[in-house]
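One structure is given below, encoded as C-alpha cells.
The values are calculated or read from the model by the stated rules, or taken from the named source; none is laboratory data. Given the structure is predicted, the values throughout are model-derived calculations rather than measurements. Cβ sites come from the backbone with ideal geometry, for glycine too, and all protein chains shown count toward neighbours. Ligands, DNA and RNA are stripped out before the accessible areas are found, and what is left, the full protein with its side chains, is counted by its heavy atoms. Shrake-Rupley method; radii C 1.70, N 1.55, O 1.52, S 1.80 Å.
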Amino acid sequence: MPPPSILQVAINVPLSRRFDYLAPAGQAAVIGARVLVPFGRKDQVGLVTGLADSSEVPGTRLKAAKAVLDSTPLLSEEDLWLCQFCSDYYHHPLGEVIAAALPKLLRLGKPVYPEMDFLRATQAAETAIDGLGRAPKQAELLTALLDAGGEGLSAETLSELMPAWRRVARPLIEKGYARRERYRAEDRQLARDLEAISGPALNEHQLDAVAAVRQAHGFESFLINGVTGSGKTEVYLHLIADVLDEGRQVLVLVPEIGLTPQLVNRFRRRLGVEPVLLHSALNDSERLAGWRMARSGHAKLIVGTRSAVFVPLKRPGLIVVDEEHDGSLKQQEGFRYSARDLAIVRASRADVPVVLGSATPTLEMLKHCADGRYKRLDLPARAGGAEPPKLRLVDLSRSPGRDGLSDVLLSAIERHLNEGGQALMFLNRRGFAPTLICGACGQVAECRRCDARMTVHAREGMLRCHHCGAARPIDRECDDCGAQEMRPLGEGTQKLEDILTARFPGREIRRIDSDSVQRKGAIGEALEQATAGDADILVGTQMLSKGHHFPKLTLVGVINADQGLFGTDFRSSERLGQSIVQVAGRAGREERRGEVFIQTAFPDNPFWDQLLNGGYDRIASEAMLEREQAHWPPYARLALIRASAHRQTDALKFLETARGLAVQAAGDRLRVLGPVDAPMAKRAGRFRAQLLLQAHDRQALHRCLSDLRLKLEGHPEARKVRWSIDVDPVELL
Ligand code: ADP
Ligand code: ZN
C-alpha cells in the first residue's frame, strides 16, 4: 500500500482550520515533523499533525509542500497531544499553540542541531596579547577568546559581548591570532554531578508532606500550603532528589527566574546537578539548547518560567509549580494559557505527580483540595523555629505623617535600624508620583492614547504611561487653564527613596523596581546586596515580595494598601491578601521576629480584621463564601471575549454579534454579561470592550466557545477588530 499522500499541517496563523498539502515529490513526512509550505504569497513553516489518503480540498487545488525539514518527529506524540489539548481547551488555533510551544529558531525552520560560527584563539594568541597595547578592542576580544578556551565563543555570544566584534576580529584573524570555525551544536554534558550539600533535617510537617508525595503511584496533585518560610522548598528538594536518583527528569515552574537567583543556586548546590534554565532573558540559541537537552534527557532538572510547561521531556518523573498563586504563570496575550493548569494536565498525561506550592494558594486550588481532588499538605509553622511576623495597622487619619510615611512607621524604621535590622518599604507604584496635577484648576495629566494618568518620572524629567509606554516631558504649564502650577501628587517608589534618603542620612537605601534594574544582571546584584545586608532600607514594588530570603530583614512597611480594598475585580481581596502576606513573609525569617506595619486610611474595613485575626486562611474562606453566593470561580467557569478597535462602536458591535451567537448556542446554560467597555476603555489608541461568559457546566461553555470561534473567524465584523478568547481569565481587564 502506498504511504498516505496528504499532509495535514498546522500553520502559525490565526485560523483554526487545518491545512492540507501533498507531500513533496519523493519525500515522506512523519507526524510531528516540520515542513515548508507555500501559504498565501509566502512560504511558511508548519508542523505535520496528521497523514491521510484523501482531502476535502479538490486535488487540483492541493499544493505540494516544498520541503520536509525534519526526518524524525520534532514533537513526540505526547507533545502534540498537549498542543492539541490547549487548542481545544483554550479555543486557540493549533498552529499558533505549536508556535508558542517551540523555541523561536525552530519556529523559523532552523535545525535542531544547527551549525554555528565560532571564533577561537590560536596558539599564537597567548604571546600576542602584550603586543596589542595600542588596539584595546582587539586585546579585549582576544582576552575573551583566551578565557573561553576550547572551541572559543559563538557568533551570537560575541555579538552580545561586543557588537562590533566582526570588525575587530578581522586584523586578529589576518595576524593568525584567531580563527573562525563552524561546529555542529551538541548537547552539553550536564550529567557531571556536582557535590551535593545536605540540608537541614526535615521537621515533622515536612516529613509528612514528603511521605505523602512519595506514596503517589503515578499521577496525583498535591498542594503544599505552607506559610512563608515554612520550608516548602526543602520539601521540593527532597522530592526532586528522589526522582533524579531514579534517573528521571524534573520540571520546576517558577513565576520569574530573574527574581529568584537564590532558588536556582539552592537547587544547584543541594541537588548536585546543573539545572537547565528556560526563561525570557536567554538568547535564541541558548533557549534552543535548553529545549534540546530537555528533549534528549541530558537535562535532568529543568527550571523555567511559564512557557517551559511545553518543553519536551524524555523521562518525566515529577512536575513542581512554585508560587502557584502568582499571576505571571498566566500568559495574558496572544495564546492565553495557565502554565499551572497545564502543568497538572501534563502530569496527568505523563502519569507523574505534580506538586504545587504557595503560602497564599488560589481559591481554585483550595477548592480542588476541599473537593478531595487534590491532596492538601499543610506546613503551618516556619521551619527552624522562626516566629511568624507580627502585623499591625497604622491608621493614616490619626497618624498622617508626611509624604505618605506615617510617624509610627518612621519611628519603627529608626528602631529596627538601630537594632541592626533591615527594613523593606513596599509600594506597588514605580516612578516618582502617580499623578501630575494642576494646583490652580485640578486638571491631571493624562495619556493621550489611554484612559490613564501619566506617571511622573522626575529623574528623567518625563511623564510616562505605564500602560502603553508613551512618554513626554513634564510640563509646568496646565493644558487646560494655562497656570504654571503643574506639580506631582502622591508617592511612587522614586519619591519614597528620596524621602527616606533625606530622613535617614548615612543609611544605605536601595530601590528595587523595574526601572532600577533594567540593565542585564542588575536585579541579581541588587538582590545579592539586599541579602548580604548591605542595604539598610529596601524600597520597591512587588518585585521585592517574591520568595526572597533577606536574613537581616526585620521590618516591612506596606505604604499604601488601600488601592486593593476597593478593586472592582471579584479577585481583589484574594489578591490583596496574597500580596500583603507575601511581602510580610519577608520579615523576620531568622532569629529576630519580624514586624509589619500596614498603612491604611480605612482601618475599619472588614478586610483588615480578617487579615490580622485570621490571616490568609480567613481571607480565603470569606472570599470563598462570597464567590459561592455570587457564582464566581471556583464555583463557576468563565471565559472572556475581548475585542479592540479604532472605533468604539466596532468593538461593541462585534461583541453584540458574539453575544447573539453565544445565546443561540448555549441558551440558558450560560450567562452572558455585556458587552461592556473594558475597565480601561482606551489603551494605546484602541478602544476595548468585553463580553463575559459564565457557566456552571464546563461542557456547555466549551461547546459554545467552539461554535463561537468558528462563526466569528469568518465574520465580516471581525475584520474591523482584534479579538480573542480568554478561558479561565484571571484579569477581567
Ligand atoms: P519556603 O520555601 O516555604 O519559603 P524554605 O524552604 O526556603 O521555605 O525555608 C525557609 C528557611 O528555613 C530556609 O533558610 C531553610 O534553609 C530553613 N529550613 C527549612 N526547613 C528547615 C528545617 N527542617 N530545619 C531548619 N531549617 C529549615
Ligand atoms: Zn498610554
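Of the accessible area of segment 637-727, with the probe set at 1.4 angstrom, what percent is carbon plus sulfur?
Its accessible area is 50 percent carbon and sulfur atoms.
For a label point 7 Å from the Cα of Arg703 along Cα→C-beta, name the residues of segment 663-683 whose backbone N is under 17 Å from it.
The answer is 663-672.
I'd like the distance separating the alpha-carbon centroids of segment 660-718 and segment 413-451, in whole Å.
38
Can you find, among Thr362, Val444, Ala502, the residue sitting farthest towards the positive end of the charge dipole of the chain, where Lys and Arg contribute +1 and Asp and Glu -1 at Cβ?
Val444
First measure r as the distance between the Cβ atoms of Glu195 and Asp88, then evaluate 1/(1 + (r/R0)^6) with R0 = 45 Å and state the FRET efficiency to the nearest 0.05. Walk me through the intermediate numbers first.
Numbers: r = 46 Å, r/R0 = 1.02.
Here the calculated transfer efficiency is 0.45.
Calculate the spin-label point distance for Asp242 paired with Ser572, positioning each point 7 Å from the Cα along the beta-carbon direction, and give it in nanometres.
With each label point 7 Å from Cα toward Cβ, the separation is 4.3 nm.
How about the chain: what cysteines have no other cysteine beta carbon under 4.7 Å from their own?
Lone cysteines by the Cβ rule: Cys83, Cys86, Cys369, Cys468, Cys704.
Per residue, how many Å² of accessible area does segment 204-384 show with a 1.4 Å probe? Walk me through the numbers before you get to the answer.
Values: 6030 Å² over 181 residues.
Result: 33 Å² of accessible area for each residue.
Got the relative contact order for the chain handy, in percent, Cα pairs under 8 Å and 6 or more residues apart?
10
Could you state the accessible area per residue of segment 637-727 in Å², with a 1.4 Å probe and every protein chain left in place?
Accessible area per residue: 47 Å².
Assuming 0.36 nm per residue, please report the length gained on full extension of the stretch Asn283 to Arg349 beyond their Cα-Cα distance.
Full-extension gain reported as 20.7 nm.
At a Förster radius of 60 Å, what calculated FRET efficiency corresponds to the Cβ-Cβ distance of Arg134 and Leu489, to the nearest 0.05?
0.60
Counting only protein heavy atoms and using a 1.4 Å probe, what share of the accessible area of segment 470-613 belongs to carbon plus sulfur, as a whole percent?
It is 46 percent, rounded to a whole number.
So which lysines pass the test for Lys653, namely a Cα distance under 19 Å, with those fewer than 8 places away in the same chain ruled out?
Partners within reach: Lys682, Lys711, Lys720.
Which residue, Ala471, Phe597, Val13, has the largest displacement toward the positive end of the dipole of the chain when charges sit on each Cβ (Lys, Arg +1; Asp, Glu -1)?
Val13
Under a cut-off of 20 Å between alpha-carbon atoms, report the aspartates and glutamates in cross-link reach of Lys175, not counting same-chain residues fewer than 8 places apart.
Asp117, Glu126, Asp130, Glu140, Asp147, Glu151
Would you work out the charge dipole size for segment 637-727 about its Cα centre, treating the Cβ of every Lys and Arg as +1 and the Cβ of every Asp and Glu as -1, and quote it to the nearest 20 debye?
280
Can you give me the distance in nm between label points at Ser397 and Asp371, each placed 7 Å from the Cα along the Cα-to-Cβ direction?
Label at Ser397, label at Asp371, 4.2 nm between them.
Considering only DSSP beta bridges where both residues belong to the chain, give the percentage that are antiparallel (nearest 5).
55
Assuming 0.36 nm per residue, please report the length gained on full extension of the stretch Arg618 to Glu156 beyond their Cα-Cα distance.
161.1 nm
Select from Gly304, Ala281, Val112 the residue farthest towards the positive end of the dipole of the chain; place +1 on Cβ of Lys and Arg, -1 on Cβ of Asp and Glu, and compute about the Cα centre.
Positive-most Cα among the choices belongs to Val112.
Determine which aspartates and glutamates satisfy two conditions relative to Lys314: a Cα distance under 15 Å, and not lying fewer than 8 residues away in the same chain.
Once the sequence-local aspartates and glutamates are set aside, what remains near Lys314 is Glu77, Glu78, Asp79, Asp187, Glu246, Asp351.
Can you list which of the GluC sites (Glu not before Pro) found in segment 481-577 are DSSP loop residues with at most 16 other C-beta atoms within 10 Å?
Glu485, Glu508
Taking a label point 7 Å from the Cα of Gln563 along the Cα→Cβ vector, which residues of segment 510-527 have an amide N closer than 20 Å to it?
510-518, by backbone N distance to the label point.
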